[in-house]
Structure formats: C-alpha cells, structure tokens
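The values are calculated or read from the model by the stated rules, or taken from the named source; none is laboratory data. Just so you know, these numbers come straight off a predicted model, no measurement behind them. Here the Cβ positions follow ideal geometry from the backbone for every residue, glycine too, while neighbour counts run over all protein chains shown.
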Amino acid sequence: MKGISTLIAAVLLIAVTLLISLIVSTSFTSLVKTQASTLQTRTGEAVNCTSSDITIEAVYIDALANRARLTVRNSGQIRENIVRSVMINDTGSTAAPTDTYPISLAKGALTTLIFDITTNVTCTSFNRVALTTECTIATFDRNPNNC
C-alpha cells in the first residue's frame, strides 16, 4: 500500500509541474506577442513621421471681415492629418478656428484654414500661428499679409 501512495504522489507532482509550466509558458508567449506588436506599430509610426513636413505658407488678415486665412501645404512625403491650429496675439489670447478637425491633407496638397479674429487678433497684435499634425508642429511668426 505504501508503494502505491508514493507512485501516485510522484505522478501528481509531475502533472502539477507540467500544468504550471504550461500556464507560465502561455502567459509569457502572449506577453511577448503583445509587446512585439506594440513595438512594430510604434516603429512604423516613427518611420512614417520622418517623412512628415507641413508648411504654413502665408497668413492673410482681413480685418473688415474679422477673418484670417492660413495657406497650409503638406510638403512631406505622406498624407497628413491636421489635428489642431491656433492663432495667438501679443497678450496670449487666441483666435477661434472655424474649421472642424482633423483635416486630411494629401502629399503636396494645399488647404486654407479660417480663423474668426473678431476681438482677439489684429495686424498690430498678431504674434504667431501654430498648427499640429499627428507627426509635426508648424509655426508662422512673420508679418501677415494685408497689414
């Protein structure tokens, strides 16, 4: 009777060890696959962003219509999505963009963004414009046109 109990104990010990090894192996494999997928996605995004470039070519202020227009060109090698833009005056106040974001911009394409400058920005108080894409930031801090 004692020999059978020892044999059963050894078999159970081996079975439990194999079961624990299987659980740890499955969890580790799943973790490695998830991390590899995340790394691949981030690497792809970083490579795409190296081909990214956006340029604010001109800012035109129309004080009579209380509007400002930005001419923006995608000068990079990939499609860009403009996710935010802001026009700032000397005191830090901002003009409200009238466009809905994101704005998709094909490689080499031009687009015009409109701002409502009713009380915030004038030719004399204009400071800069900044716009953000998924990969880059562009700024314009020169004198706007029509001033």
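Here are the numbers:
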| quantity | calculated |
| --- | --- |
| Subset of the stretch 102-123 (residues that are of a type in the set (Ser, Thr, Tyr), modelled with pLDDT of 90 or more and part of a loop (DSSP other than H, G, I, E, B)) | none |
| For ARG84: the one exception among (1) free of Cβ contacts under 8 Å to residues at least 40 places away in the same chain; (2) within 18 Å of the chain's Cα centre (by Cα); (3) within 19 Å of THR139 (Cβ to Cβ) | (1) |
| Residue in the stretch 66-74 that is of a type in the set (Gly, Ala, Ser), over 11 Å from VAL121 (Cβ atoms) and assigned by TED's automatic domain parsing to the domain that holds CYS135 present | no |
| Condition check for CYS135: part of a loop (DSSP other than H, G, I, E, B), surrounded by 14 or more Cβ atoms within 10 Å (Cβ to Cβ) and among the hydrophobic types (A, V, I, L, M, F, W, C) | yes |
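Conditions tested, residue by residue: (1) surrounded by fewer than 11 Cβ atoms within 10 Å (Cβ to Cβ); (2) in contact with a Phe, Trp or Tyr (Cβ under 7 Å, 6 or more places away or on another chain).
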{"site": "THR34", "(1), (2)": "yes, no"}
{"site": "ASP53", "(1), (2)": "no, no"}
{"site": "LEU64", "(1), (2)": "yes, no"}
{"site": "ALA68", "(1), (2)": "no, yes"}
{"site": "ARG84", "(1), (2)": "no, yes"}
{"site": "GLY92", "(1), (2)": "yes, no"}
{"site": "ILE103", "(1), (2)": "no, no"}
{"site": "ILE114", "(1), (2)": "no, no"}
{"site": "SER125", "(1), (2)": "no, no"}
